[in-house]
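Below is one structure, written out as structure tokens, with a few remarks after it.
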Amino acid sequence: MQIDRKARLKIPFQPVPKQDPKERVKNWDEVYLGYDLPTAQLEATRCIQCPAAPCIKACPIDNDIPGALLKLEEGDVLGAAEVFRATNPAPDMCGRLCPQEALCEGDCVVGKVAIPVAIGKLEAFIADQQQAMGGRPIPQLPPPTGKRAAIVGSGPAGLAVAEQLALLGHGVKLFEAWPRPGGVLRYGIPGFKMDKRHIDDQVDYLHQLGVQFAYNVRVGYDVTIDELFDQGFEAVFLGQGAGQGNRLNVPGEDLEGVYMATEFLVRANLPPEELPSHLRQPIESGKRVVVIGGGDTAMDCVRSALRIGAREVVCAYRRSETEMGGREEERRHAQEEGVLFHYLTVPIRFVGDDSAHIKAVRFQRVELGEPDESGRPRPVPVIASDFELEADTVVIAIGYKVEKLLFQTTPDLKATDWGTIATEETGQTSRPGVFAAGDSVRGADLVVTALADAKRTAAAIDRYLGEKKSATA
């Protein structure tokens with residue numbers, strides 16, 4: 001096929017339609033309405049099919065992006081889906097959740113002279129079209145190996161490892177602490193970013209592969225890893241993620257109306273039947289909500305606050321917008337929806353009323369000094385700059401860490417200095433037969449990096465189970 005790259009560069013960028021901000025704050029539907037087929041084909045034609053394909057190199061799972069877009073351009077949507085599926089077990093999710101501007105689109109050659117090709121939106125479109133046309137075909141599975149693996153956590157890494165092992169003929173059972181599957185995908189990401197049906201589609205597919213699920217089981221508390229081995233599992237994968245929110249440790253943090261991000265998000269945007277009994281009471285935000293933090297989780301919180309009725313929502317961040325770690329797109333959406341931003345601001349006290357309920361946050365302004373260990377400028381307090389903001393609800397969204405439960409209940413399971421699970425490159429932990437990947441190893445990170453780690457670790461688990469089979473044959 002002859003590629004006229006100059007002609008392709010003249011094709012204008014095709015924006016994806018999305019809900020008006022005034023309307024979308026009234027619902028939990030996805031902001032983006034998606035492409036139609038002709039528009040998606042035209043946008044795919046903007047890909048100049050460059051031989052170097054830096055977009056592939058920038059993708060943690062090596063998606064053949066030009067190959068998929070060429071199939072779409074030609075009208076072969078199912079062929080495009082299979083190209084993505086060859087490397088990506090969740091293109092519908094990655095298309096919505098990956099920071100493409102920092103990955104594939106950030107290295108898109110078209111982006112050097114124009115707006116980059118909308119790779120993420122096209123990936124989501126292709127996956128959605130495949131689902132609408134009957135979903136992923138169920139492959140012919142190999143004969144059962146007789147080997148069983150337990151998967152801890154049903155987030156991105158857990159689902160991906162479960163799929164890979166099931167496709168290799170191993171028995172797989174997945175243990176999830178929450179009442180429904182998905183981990184952070186369901187309980188950490190609001191519907192306006194990704195409809196929960198994409199999780200359900202993935203789980204339905206895994207059921208068809210023979211994967212079993214057990215819910216409301218907290219491994220390390222309800223059952224230990226050693227007990228899983230006693231039950232006949234010959235390998236255990238730890239994909240529980242980094243779900244424990246970091247605290248500020250400032251006075252008043254225990255006041256009523258002060259929430260950690262995960263509790264706020266799940267109670268705000270999920271139906272009660274999908275939550276543990278102690279979290280089923282809906283959040284009453286009041287008129288004024290203050291969210292502390294500047295990443296994607298903070299953006300999820302401020303935008304959720306608007307959707308449950310808050311009239312004024314403030315995001316307070318200790319550095320400038322330049323240093324914010326989340327996606328620019330999410331900040332832009334928050335701004336479009338009316339969120340107010342206070343930069344160079346740190347909380348120093350939560351102020352309560354006579355009923356020990358939050359009524360205000362006392363802040364101190366800061367200026368940026370020398371870089372800290374993260375490489376970003378360190379906030380330095382400005383003397384006599386304190387001020388207060390009224391608040392009916394406060395949400396703390398300053399990052400996550402791996403909880404210590406599994407280390408406390410699993411002898412000889414080693415942690416890193418950062419509190420994550422220590423592993424070899426293969427995902428093998430300090431315990432034979434126990435593997436880990438994703439956020440439980442990296443700390444809170446991206447869906448796509450969890451998938452990349454999971455694929456590599458699933459291959460290592462398969463080798464381990466094969467060696468055990470050979471040794472006992």
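Below is a table of values for the structure above.
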| read-out | value |
| --- | --- |
| Matching residues in segment 93-106 - criterion: being in a helix (DSSP H, G or I) and crowded, with 22+ Cβ neighbours inside 10 Å | M93, C94, G95, R96, L97, Q100, E105 |
| Residues that are among the basic types (K, R) and within 25 Å of A177 (Cα to Cα), drawn from segment 278-302 | R280 |
| Pair list, Cβ under 6 Å, 6 or more apart: segment 392-414 residue closer than 18 Å to R303 by Cβ, other residue hydrophobic (A, V, I, L, M, F, W, C) and in a helix (DSSP H, G or I) | V395/A261; V395/F264; V395/C301; A397/A261; A397/A298; A397/C301 |
| Checking I119 against (1) farther than 13 Å from E43 by Cβ; (2) touching an Asp or Glu at 6+ places or on another chain (Cβ under 6 Å), the condition it does not meet | (1) |
| 1 or more residues touching a helix residue (DSSP H, G or I) at 6+ places or on another chain (Cβ under 6 Å) and buried (at least 21 other Cβ atoms within 10 Å of the Cβ): qualifying helices (runs of 4 or more DSSP H) within segment 215-318 | 261-269, 296-307 |
| Residue, nearest to G232 (Cα to Cα), within segment 417-473, restricted to residues that are touching a residue at least 40 places away in the same chain (Cβ under 8 Å), among the hydrophobic types (A, V, I, L, M, F, W, C) and in a loop (DSSP other than H, G, I, E, B) | A437 |
| Candidate set: segment 304-324, residues that are more than 25 Å from M194 (Cα to Cα) and among the polar types (S, T, N, Q); chosen: the one modelled with the highest pLDDT | S320 |
| Hits in segment 350-361 (condition: in contact with a Lys or Arg (Cβ under 9 Å, 6 or more places away or on another chain) and under 17 Å from G293 (Cβ atoms)) | F350, V361 |
| Qualifying residue in segment 60-68 (condition: touching a Cys at 6+ places or on another chain (Cβ under 9 Å), in the same structural domain as I119 (by TED's automatic domain parsing) and of a type in the set (A, V, I, L, M)) | yes |
| Residue pairs meeting the criteria (Cβ under 7 Å; at least 6 apart or on separate chains; first more than 19 Å from E123 (Cα to Cα), in segment 1-17; second in a loop (DSSP other than H, G, I, E, B) and among the β-branched types (V, I, T)) | I3/I48; R5/I48; R8/I48; L9/I48; L9/V113 |
| Conditions (1) part of a helix (DSSP H, G or I); (2) of a type outside the set (S, T, Y); (3) free of Cβ contacts under 8 Å to residues at least 60 places away in the same chain: number failed by P116 | (1) |
| Any hit, segment 183-192, residues being touching a Gly at 6+ places or on another chain (Cβ under 8 Å), surrounded by fewer than 18 Cβ atoms within 10 Å (Cβ to Cβ) and in contact (Cβ under 8 Å) with a residue 60 or more places away in the chain | no |
| Filter pass, V394 being surrounded by 18 or more Cβ atoms within 10 Å (Cβ to Cβ) and in contact with a strand residue (DSSP E or B) (Cβ under 9 Å, 6 or more places away or on another chain) | yes |
| Identity of the residue in segment 44-92, part of a loop (DSSP other than H, G, I, E, B), within 21 Å of the chain's Cα centre (by Cα) and not hydrophobic (A, V, I, L, M, F, W, C), that ends up surrounded by the fewest Cβ atoms within 10 Å (Cβ to Cβ) | D62 |
| Residue within segment 327-334 that is buried (at least 21 other Cβ atoms within 10 Å of the Cβ), over 27 Å from S374 (Cα atoms) and not basic (K, R) present | no |
| Every residue from segment 110-133 that is among the small types (G, A, S) and under 26 Å from the mean Cα position of the chain (by Cα) | G111, A118, G120, A124, A127, A132 |
| Residue that is surrounded by the most Cβ atoms within 10 Å (Cβ to Cβ) [pool: residues in segment 107-116 that are under 25 Å from D445 (Cβ atoms) and touching a Cys at 6+ places or on another chain (Cβ under 9 Å)] | C108 |
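Conditions tested, residue by residue: (1) small (G, A, S); (2) part of a loop (DSSP other than H, G, I, E, B); (3) under 20 Å from N246 (Cβ atoms).
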position	(1), (2), (3)
P347	no, no, yes
S355	yes, yes, no
A360	yes, no, no
Q364	no, no, yes
G369	yes, no, no
P379	no, no, yes
I383	no, yes, no
V395	no, no, yes
L406	no, no, yes
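The values are calculated or read from the model by the stated rules, or taken from the named source; none is laboratory data. Model, not experiment: these values are computed from the prediction. FYI the Cβ positions are ideal-geometry reconstructions off the backbone, even for glycines, and counts take in every protein chain you see.
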